[in-house]
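**Student:** The structure follows.
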Amino acid sequence: EADIYQTPRYLVIGTGKKITLECSQTMGHDKMYWYQQDPGMELHLIHYSYGVNSTEKGDLSSESTVSRIRTEHFPLTLESARPSHTSQYLCASSGGPGQTLEKLFFGSGTQLSVL
Amino acid sequence: GENVEQHPSTLSVQEGDSAVIKCTYSDSASNYFPWYKQELGKRPQLIIDIRSNVGEKKDQRIAVTLNKTAKHFSLHITETQPEDSAVYFCAASWGYGGSQGNLIFGKGTKLSVKP
């Protein structure tokens, strides 16, 4: 079934650890995004990619990095996690065959807690 | 850049009543206005959208209206049901000639429908 998959669903780690949040989509979409959602609900765009080897920073400054080596895969990495990184991270994609770039489909998210 | 303001931040209604959520945008170049619904613990999902060449769009109990002159758009839910309880996000973006800007989201409205 076409979907966007994020793993892990929940992650609790200690300060200073390196982590990678995985996002894969089988939607056939070109564009992918990472959003950070704070407890107050607001969605902040932190990274996006138009396709392979394309990565752009979003509106919210983030210490995380992303890569896009394969069309369907868009992992997010934190080299040294801090408590301020505690948040929900949502991956999204858009722009499949016959579809416009503007309609976003979201994954289920990763809830990250840094102790 | 684009800025989207959303009101109210919380809304409580009795089952069967109507609910209205309002958004304003700043960039007159914006021409696409979607609404996403996020139930507790779940991913945001697109429920309805409207383009700038249309003033109103309906889908069963939900409708969206757009006033381009005033740069505001609204979500209307009639005959509310408990399953309508969720956080609703409005958004705006532009798209011309194959180029597409990123969605700018409002801060969200938490709707509670009391039985």
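A short reminder: the numbers here are calculations on the coordinates, not readings from a lab. If you're wondering where the values come from, they're calculated on a predicted model, not measured in any experiment. So basically every Cβ, Gly included, is an ideal-geometry build from the backbone, and we count neighbours across all protein chains shown.
**Student:** Between A:I13 and A:T65, what is the FRET efficiency for a Förster distance of 22 Å, r being their Cβ-Cβ separation, to the nearest 0.05?
**Tutor:** According to the calculation, E is roughly 0.85.
**Student:** Right, next: Net charge near A:S24, counting Lys/Arg +1 and Asp/Glu -1 over other residues with Cβ under 11 Å of its Cβ?
**Tutor:** Here the charged neighbours net out to -2.
**Student:** Scale the Cα Rg of segment B:1-82 by the rule-of-thumb value 2.2 N^0.38 Å and send over the ratio, two decimals.
**Tutor:** Output field value: 1.12.
**Student:** Please compute the average number of Cβ atoms from other chains found within 10 Å of each residue's Cβ in peptide A:95-107.
**Tutor:** 4
**Student:** Regarding segment A:16-60, what's the average projected area of the Cα-atom convex hull, expressed in nm²?
**Tutor:** 4.5 nm²
**Student:** Another question, if that's okay. Viscosity 0.692 mPa s, temperature 37 °C: give me the Stokes-Einstein translational D for segment B:39-110 in µm²/s, with Rh taken as the Kirkwood radius over C-alpha pairs.
**Tutor:** D, rounded to a whole number, is 238 µm²/s.
**Student:** What percent do you get for the relative contact order of chain B when only Cα pairs under 8 Å and 6+ apart count?
**Tutor:** RCO, chain B: 36 percent.
**Student:** Moving on. What does the average come to when, for each residue of peptide B:43-49, you count the partner chain Cβ atoms lying within 10 Å of its Cβ?
**Tutor:** Shielding by partners across B:43-49 averages 4.
**Student:** For A:T20 and A:N53, calculate 0.36 nm times their separation in residues minus their Cα-Cα distance, and state this gained length in nm to one decimal.
**Tutor:** Here the segment from A:T20 to A:N53 would lengthen by 10.1 nm.
**Student:** At each listed q (0.08, 0.13, 0.14 Å⁻¹), what is the log10 of I(q)/I(0) that the Debye formula gives for the protein assembly as shown modelled as equal alpha-carbon point scatterers?
**Tutor:** After summing over all Cα pairs, the log10 values are -0.30, -0.79, -0.91.
**Student:** With each pseudo-label sitting 7 Å past Cα toward Cβ, what's the A:T100-B:H7 distance in nm, one decimal?
**Tutor:** That separation, rounded to one decimal, is 2.8 nm.
**Student:** Using only the alpha carbons of chain A, determine the length spanned along each of the three principal axes and report them from longest to shortest in whole angstroms.
**Tutor:** Computed over chain A, the largest-to-smallest principal extents equal 44, 28, 28 Å.
**Student:** Set the bar at 21 Å for Cα to Cα. Now go through A:K31/B:K71; B:K57/B:K114; B:K22/B:K68; A:K17/A:K57 and name every pair that lies beyond it.
**Tutor:** Pairs exceeding 21 Å: A:K31/B:K71; B:K57/B:K114; A:K17/A:K57.
**Student:** For every other residue with a beta carbon closer than 9 angstrom to the beta carbon of A:Y48, add +1 if it is Lys or Arg and -1 if Asp or Glu, then tell me the sum.
**Tutor:** +1
**Student:** Also, I was wondering about something else. Just add up the charged neighbours of A:T65: K/R +1, D/E -1, any other residue whose Cβ is under 13 Å from the Cβ of A:T65.
**Tutor:** 0
**Student:** Set the Förster radius R0 to 45 Å, insert the Cβ-Cβ distance between A:E1 and B:V20 as r into 1/(1 + (r/R0)^6), and round the FRET efficiency to 0.05.
**Tutor:** Calculated transfer efficiency: 0.80.
**Student:** Using a 10 angstrom cutoff on alpha carbons, build the Gaussian network for chain A and name the most mobile of A:E102, A:E22, A:E56.
**Tutor:** Among A:E102, A:E22, A:E56, the largest mean-square fluctuation in the Gaussian network model of chain A belongs to A:E102.
**Student:** Determine which aspartates and glutamates satisfy two conditions relative to B:K42: a Cα distance under 17 Å, and not lying fewer than 8 residues away in the same chain.
**Tutor:** Within the straight-line cut-off, B:K42 pairs with A:D3, A:D38, A:E42, B:E83, B:D84.
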